Amino acid sequence: MTGQENELRVLVVAPTGRDGLLISNPLDSNGISSFPSATAEMALVEFEAGAGALILAEEALTLPAISLWAARIAEQPSWSDFPLILLAAGGEINEESRRRMRVREPLGNLVLLERPVRPETFVSTLQAALRSRGRQYQMRDYIARNHAAEEALRRSEKLAVAGRLAASISHEINNPLASVTNLLYLIGTSSSLQEAKKHKEIAEKELARISEIVTQTLRFYREPSKPTLVFITEIVDSALILYQSKLAYAEIAIERDFRECSPIVAMAGELRQVILNLIGNALDASNPGGRLRIRVSNTREHRNGARPGVRLTVADSGSGISPEIRKTLFEPFVGTKGDTGTGLGLWISSEIVNRHSGTIQVKSSTLSQSPGTVFSVFLPLEQKAGHRSLREASMTPDGNRKDTLSDSPPEIAFPMQREMAT
Ligand SMILES: Nc1ncnc2c1ncn2[C@@H]1O[C@H](COP(=O)(O)OP(=O)(O)OP(=O)(O)O)[C@@H](O)[C@H]1O
Ligand SMILES: [Mg+2]
């Protein structure tokens, strides 16, 4: 039998004599597949291969058997609540019967049937147990399907991110590359050595820029798959390099407001993905002449016991987010960009921030006199006890040791646009 065929079979640790027949006859006549086991311990081995319920006689449930089954029951996955039907000896309720009940408590979903049991009672109890087991399997399958869908979504988002990143890198490299091509042509046609030297110097600068883009990108994408000590400011700078020419082309003024900022233990590549998306969204929403302010500072969270951490705010004076979109902003496939966006960026970003035990918030206004949006990300310095030693070695950006945190700097006031609309 396969695991799936076993799923609704009933394991039977049969009592002897009349009760044994009482069990096997109605099971057969009701088309319920059963599997006899000599002891409760042997039934446990069968349980691993799949079962819908267990029927056992009280005398087969020894103390060692209870502890074995209880340990296995405690390990059940969240969807499972395996039904056990215990055929107990009849008799009055006394101290001893109460004690036995307490001992059996760790067995979980246990139904007690007093012997002699009427066949109808027995069959209907068993059918109810198998029905409930069937529902548990449905829940298991639902969870598995959801998990698979989420995994697929994550993979597709990773591909989308990789695609967008490749596009931004090509775009950024293309401009200096075109300059170098032109400059080489100019050098070839230069009438004087002095003029050729001037062109060569500019070409060298353009090549240095290409090399910087490549180095920064590789640095983050070759990073180890475990958390390291990172400065948010460095990640912001590396992300801005990618958007440099887009910012200039769109005539958007950028203000970097980097205050005292401790390193945090984090996955640098993941945080870079969050920051690239926040800046990218701000640029998409901005018009020529718009402003973008990125602030990074040490802070203490107002909630959650005033945890110390780093706050990153990305504020733009763009179109703002409409209330309808704002309601579901952090859910997958919510977006207004059609083919140019997947609507997954903020959903993935919030997942990443959650994984770092942080929070992400948004404030936005679509009012024509002061439109704009502020995304605020809080990342705590310490996420897990295991990260403590790295935290203790924290350094300031200029390389000095930094053990204390400044008090919370003022949050970026909203609307940020008022501050920016100078
Ligand atoms: N700074 C912002 N200003 C205005 N609207 C924004 C801003 N940030 C996000 N949005 C809105 O939220 C939507 C969802 O953003 P999200 O980053 O999740 O997806 P996307 O940018 O549409 O697609 P992707 O990130 O995959 O390129 C955007 O389509 C846009 O409508
Ligand atoms: Mg986006």
Hypothetical label at ALA89: residues of the stretch 36-66 whose amide nitrogen lies under 14 Å (7 Å Cα-Cβ projection): 57-62
Rg/Rg_globular for the stretch 76-194, with Rg_globular taken as 2.2 N^0.38 Å and Rg from C-alpha atoms: 2.65
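How much accessible area per residue does the stretch 3-148 have, in Å², with a 1.4 Å probe? Provide the component values of the computation, followed by the final result.
Details: 8020 Å² over 146 residues.
Per-residue value: 55 Å².
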Where N is the number of residues in the chain, Cα Rg divided by 2.2 N^0.38 Å: 1.50
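Enumerate by residue number the trypsin sites (Lys or Arg not before Pro) in the stretch 119-187 meeting two conditions: DSSP loop (anything except H, G, I, E, B), and at most 16 other Cβ atoms within 10 Å of the site's Cβ. Write down the numbers at each step before the final one.
On the way: sites: ARG131, ARG133, ARG135, ARG140, ARG145, ARG154, ARG155, LYS158, ARG164; in loops: none.
In loop regions of the stretch 119-187 (DSSP not H, G, I, E or B), there are no sparsely surrounded trypsin sites (Lys or Arg not before Pro).
What's the extension gain from LEU112 to GLU251 if we count 0.36 nm per residue and subtract their Cα-Cα distance?
On the way: separation 139, 0.36 × 139 = 50.04 nm, distance 7.67 nm.
Computed gain between LEU112 and GLU251 is 42.4 nm.
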Förster-model FRET efficiency, 56 Å R0, ALA71 and SER29, C-beta, rounded to 0.05: 0.95
Gain on full stretching of the segment that runs from ASN174 to ARG135 - 0.36 nm per residue minus C-alpha separation: 8.3 nm
Label-point gap, in nm, between LYS200 and SER156 - each point 7 angstrom along Cα→Cβ: 5.4 nm
Length added when fully stretched, THR39-LEU186, from 0.36 nm per residue minus Cα-Cα: 43.7 nm
Radius 15 Å from Cβ of SER132, net charge of other residues (Lys, Arg +1; Asp, Glu -1): +2
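Could you look at the chain and say what percent of its accessible area is carbon and sulfur, using a 1.4 Å probe and all protein chains? Can you show the working numbers first?
Values: 12670 of 22650 Å².
Answer for the chain: carbon and sulfur cover 56 percent of the accessible area.
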Cα-Cα over 29 Å, subset of LYS158/LYS337; LYS158/LYS327; LYS205/LYS246; LYS158/LYS205: LYS158/LYS205
Choice from GLU59, GLU151, GLU92 with maximal GNM fluctuation in the chain (Cα, 10 Å cutoff): GLU92
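What Kirkwood hydrodynamic radius do you get for the stretch 218-293 when you take the inverse of the mean 1/r over all pairs of distinct Cα atoms, in Å? Can you show the working numbers first?
Values: mean 1/r = 0.0752 Å⁻¹.
Final number for the Kirkwood radius of the stretch 218-293 is 13.3 Å.
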Virtual spin-label span in nm between ALA148 and SER357, 7 Å along Cα→Cβ: 3.5 nm
Accessible area per residue, Å², the stretch 179-281 with all protein chains present, probe 1.4 Å: 54 Å²
Expected 222 nm ellipticity per residue - DSSP helices of 4 or more, -39500 (n - 2.57), all of the chain, to 500: -16500 deg cm²/dmol
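The values are calculated or read from the model by the stated rules, or taken from the named source; none is laboratory data. Every value quoted in this text rests on a predicted model; they were computed, and no experiment measured them. Positions of Cβ are generated from backbone atoms using ideal geometry, with glycine treated the same way; all protein chains shown enter the neighbour counts. Quick note on the areas: whole protein, heavy atoms, side chains included, nothing else; ligands and nucleic acids left out. Shrake-Rupley method; radii C 1.70, N 1.55, O 1.52, S 1.80 Å.
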